[in-house]
1. Return the loop-located trypsin sites (Lys or Arg not before Pro) in the stretch 348-456 (DSSP other than H, G, I, E, B) with at most 12 other Cβ atoms within 10 Å of their own Cβ; answer none if there are none.
2. Leaving ligands, DNA and RNA out of it, work out the accessible area of Thr191 with a 1.4 Å probe and give it in Å² to the nearest 10.
3. Compute the separation of the alpha-carbon centres of the stretch 36-97 and the stretch 236-263 and state it in Å as a whole number.
4. Counting only heavy atoms of the protein chains, get the accessible area per residue of the chain (1.4 Å probe) and round it to a whole Å² value.
5. Starting from the Cα of Gln326, step 7 Å toward the Cβ, then list every residue of the stretch 79-109 with an amide N under 18 Å from that point.
6. When a/c reaches 1.5 or more, the comparison of a/b and b/c decides; with that in mind, is the stretch 295-352 rounded, prolate or oblate per its Cα gyration tensor?
7. Distance in nm between label sites at Asn403 and Leu197, each 7 Å beyond Cα in the beta-carbon direction?
8. If I take R0 = 25 Å and measure r between the Cβ atoms of Arg162 and Ala358 in this structure, what FRET efficiency does the formula 1/(1 + (r/R0)^6) give, to the nearest 0.05?
Amino acid sequence: MARFALRAGLLAGGCLILAAGAPARADSLRDALVSAYQTNPTLEAARAQQRATDEGVPIARAAGLPSLNTTETYVKNLKQSENSLTAPSKIFTADAQLGVPIYSGGSVKNSVKAAKIRVGAGQADLRGTEASVFSQVVAAYMDVIRTEAIAGLNRKNVAVLRTNLDATNDRFEIGNLTRTDVAQSQSRLATAQSDLLTAEANLAAARETYIRFVGRAPEALDAPPPLPNLPANASDAAMIALDANPDLIAARERSKAAEKDIDVAGAGRLPTVRLFGQGTYNNYFDTLARGIVNAAVSQTDTSAQAGVQVSIPVFQGGLPAAQRRQAQATALATLEQEIATERDVIAQVRSAFTSYAASNDLIRSSQVAVEAATLSLEGVRAENSVGRRTVLDILDAEQELLNAQVALVTARRNAYVAGFTLLAAMGKAEARDLNLDGGTLYDPNANYERVRGKFFDWDDDDAPVARSTRTVDTPVQDGNIPASQEP
């Protein structure tokens, strides 16, 4: 079941070519996912954070590279001692120092290793953010579809109850029904109108949530395609998640990095060796030995030194040991966090599978309920026409049908969201799994390869510019449904 990818089903229809801008309209789940992939600020922030993590490698490596510093000083003595016959009144000094680390007790080596491991952990975190954002998009997409359907059903119910009230009034006028029957119809219509207002408010809220994640207002949304290649049972899903869940992978990598931090901390009590060189140039501007007549003194001089410096820590007040113990405790904490993440992943997978299975069962039972309620309503209406059923019986049958239809719509939404959540928990709901390819998928490793070997002090990137889109200009959403979308 490689890639439990939605390649064959969820986003079927050929390879998606991602354009530089947002899609023309988000009327399918694929369009919504592409729009979020290109413009969602949470995802863009995670990518930027990963680029910051990448810089940990050259930062760690810099401590093991040669360093060169120069210092220039100009001094003018405003007043000198009367007994000073040789001291210059002006002096310019240029000093250059070169240091080459030879051995640092393993600190640099292990720092670089830890930084590289954290890059891998960060890339796994980025995968997890992608899956999380896509899960939010799917939920928002399905919520719009569900709330539109519920609002449409409630609107249809209001229309039916209004017709029933008119018919009840007509029959009351000719004496076939009582005032009680009219009052019952009025009460049900008022309740249905209140339910419609609530459904429309929920629809507006769902559309605003959609805008929040996708970055644009929803159009007429297509029904989502089926989710393919879901596991047969929760145990299979959990086994796949243990290998592929990005949160768990990131936790494991952080545990490895923390082990390297122990060695970095321990290096503080080991000797260090460095080569050094130093050169100095002095210029006295013909002011040296000014009080000595015919003094043959050079007004400039230079000096240079080179050597090896060995530093052997003898006593540091227990600092290295405390730092190493601290690193050990931190490493233990990451190991425990890894187990906690593993527990969370197993619980998420099992819960999502159970929810998916239960929702599918509920879909089947709700379909039966809708069919039965439809037949029941038809029968009650027929029996009412011959006086064997009351108006209240019709109203109850209509309410039962509405409840069954709403339950069916909700079950379909819950099943789809739970199925996608299951794929996400298994590590199979990221951009690479959703057929969002075509040459423009974000590759976090490309930036890492770009910066890992950089060492020039002035090799900056461009000033940061936000890449995600703002939604302040999107229209305020309402609960209206186009006539073509009503059930």
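1. Values: sites: Arg350, Arg364, Arg381, Arg388, Arg389, Arg412, Arg413, Lys428, Arg432, Arg450, Arg452, Lys454; in loops: Arg388, Arg389, Lys428, Arg432, Arg452, Lys454.
In loop regions of the stretch 348-456 (DSSP not H, G, I, E or B), the sparsely surrounded trypsin sites (Lys or Arg not before Pro) are Arg388.
2. Solvent-accessible area, nearest 10 Å²: 70 Å².
3. Taking the Cα centre of each part, the stretch 36-97 and the stretch 236-263 sit 38 Å apart.
4. 53
5. 107-108
6. Details: a/c = 7.26, a/b = 3.16, b/c = 2.30.
It is prolate, given that a/c is not under 1.5 and a/b is the larger ratio.
7. It is 2.3 nm.
8. On the way: r = 37 Å, r/R0 = 1.46.
For Arg162 and Ala358, the calculated efficiency is 0.10.
The values are calculated or read from the model by the stated rules, or taken from the named source; none is laboratory data. This structure is a prediction, so every number in the text was calculated from the model and none was measured. Every residue, glycine among them, receives a Cβ derived from its backbone with ideal geometry; neighbour counts consider all protein chains shown. In case anyone asks, the SASA skips ligands and DNA or RNA and just uses the protein heavy atoms, side chains included. Shrake-Rupley method; radii C 1.70, N 1.55, O 1.52, S 1.80 Å.
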